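Here the structure is laid out as structure tokens; the discussion comes afterwards.
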Amino acid sequence: MKKTKKKNEWLEWGKALLIAVILALFLRSFIFATSVVDGESMEPTLEDGETILFNKMTYLFDEPEREDIVIIKKPLKNYVKRIIAMPGETITVKNGGLYIDGNLYDQAFLHSDQLTGTGRFGPIKIPENSYFVMGDNRMISKDSRNGLGLIQETEIIGKSEFIIFPFNEWSVTD
């Protein structure tokens, strides 16, 4: 009887472990995933080496919005950038200001010294199903201005939700 009880206990532990692994794989594959920030293009919001948790389901039910920090899938690597301009909008940077459809856009998420690094470009009209993205560290960011080009909606694989590593920097990304 004691041997049967011990065998049942191992079987229960095995079932629980199997269920936990299947659940973790499901969550990882379809709902949440992690990405490591590579480089300084999103500083100070996200720093090189931080691990972020991103939500893969968000854009199945909703459209990307301006200021969302998104994960962009490209053939050689993924990028983490901020959406600045939406489909159908016209973006221009001149005289130190960023203009969307002719209106000065307040980039409250940036420090004043970062605003000057945006450069001068435009006007660029964003086609349907495309987005204009930039890193927060404008001086060194590879983004829609200089290498990534406009981002297709299908290339956006998720929205950044949390910084999960290093542990002392756990926070919501915004």
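Values computed for the structure shown
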item: Strands (runs of 3 or more DSSP E) wholly inside region 32-93 containing at least 1 residues that are among the polar types (S, T, N, Q); result: 32-36, 51-55, 78-85
item: Subset of region 36-55 (residues that are over 13 Å from ARG82 (Cβ atoms) and either free of Cβ contacts under 8 Å to residues at least 60 places away in the same chain or more than 12 Å from the chain's Cα centre (by Cα) (or both)); result: VAL36, ASP38, GLY39, GLU40, GLU47, ASP48, GLY49, GLU50
item: Residue tally, condition open to solvent by 40 Å² or more (accessible area, probe 1.4 Å) and either assigned to a loop (DSSP other than H, G, I, E, B) or over 21 Å from THR58 (Cα atoms) (or both), over region 143-165; result: 5
item: Conditions (1) at pLDDT 85 or above; (2) more than 13 Å from the chain's Cα centre (by Cα); number of the one not met by VAL70; result: (2)
item: Matching residues, region 128-142, being open to solvent by less than 50 Å² (accessible area, probe 1.4 Å) and more than 16 Å from THR45 (Cα to Cα); result: SER130, TYR131, PHE132
item: Every pair of residues 6+ apart whose Cβ atoms lie under 6 Å, when the first sits in region 112-140 and is in a loop (DSSP other than H, G, I, E, B) while the second is among the aromatic types (Phe, Trp, Tyr); result: ILE126/PHE132
item: Which numbered condition MET57 misses (of (1) surrounded by 13 or more Cβ atoms within 10 Å (Cβ to Cβ); (2) within 29 Å of ILE164 (Cα to Cα); (3) in contact with a helix residue (DSSP H, G or I) (Cβ under 6 Å, 6 or more places away or on another chain); (4) not hydroxyl-bearing (Ser, Thr, Tyr)); result: (1)
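Results for (1) in contact with a Ser or Thr (Cβ under 6 Å, 6 or more places away or on another chain); (2) aliphatic (A, V, I, L, M); (3) within 20 Å of HIS111 (Cβ to Cβ), shown as yes or no for each residue.
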{"site": "PHE54", "(1), (2), (3)": "yes, no, no"}
{"site": "MET57", "(1), (2), (3)": "no, yes, no"}
{"site": "LYS74", "(1), (2), (3)": "no, no, no"}
{"site": "LYS77", "(1), (2), (3)": "no, no, no"}
{"site": "VAL80", "(1), (2), (3)": "no, yes, yes"}
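The values are calculated or read from the model by the stated rules, or taken from the named source; none is laboratory data. Everything quoted here is computed from the prediction, not taken from an experiment. Quick reminder, even Gly has a Cβ in these numbers, built from the backbone with ideal geometry, and neighbours come from all protein chains shown. Ligands, DNA and RNA are excluded from the accessible area calculation, which covers all protein heavy atoms including side chains. Shrake-Rupley method; radii C 1.70, N 1.55, O 1.52, S 1.80 Å.
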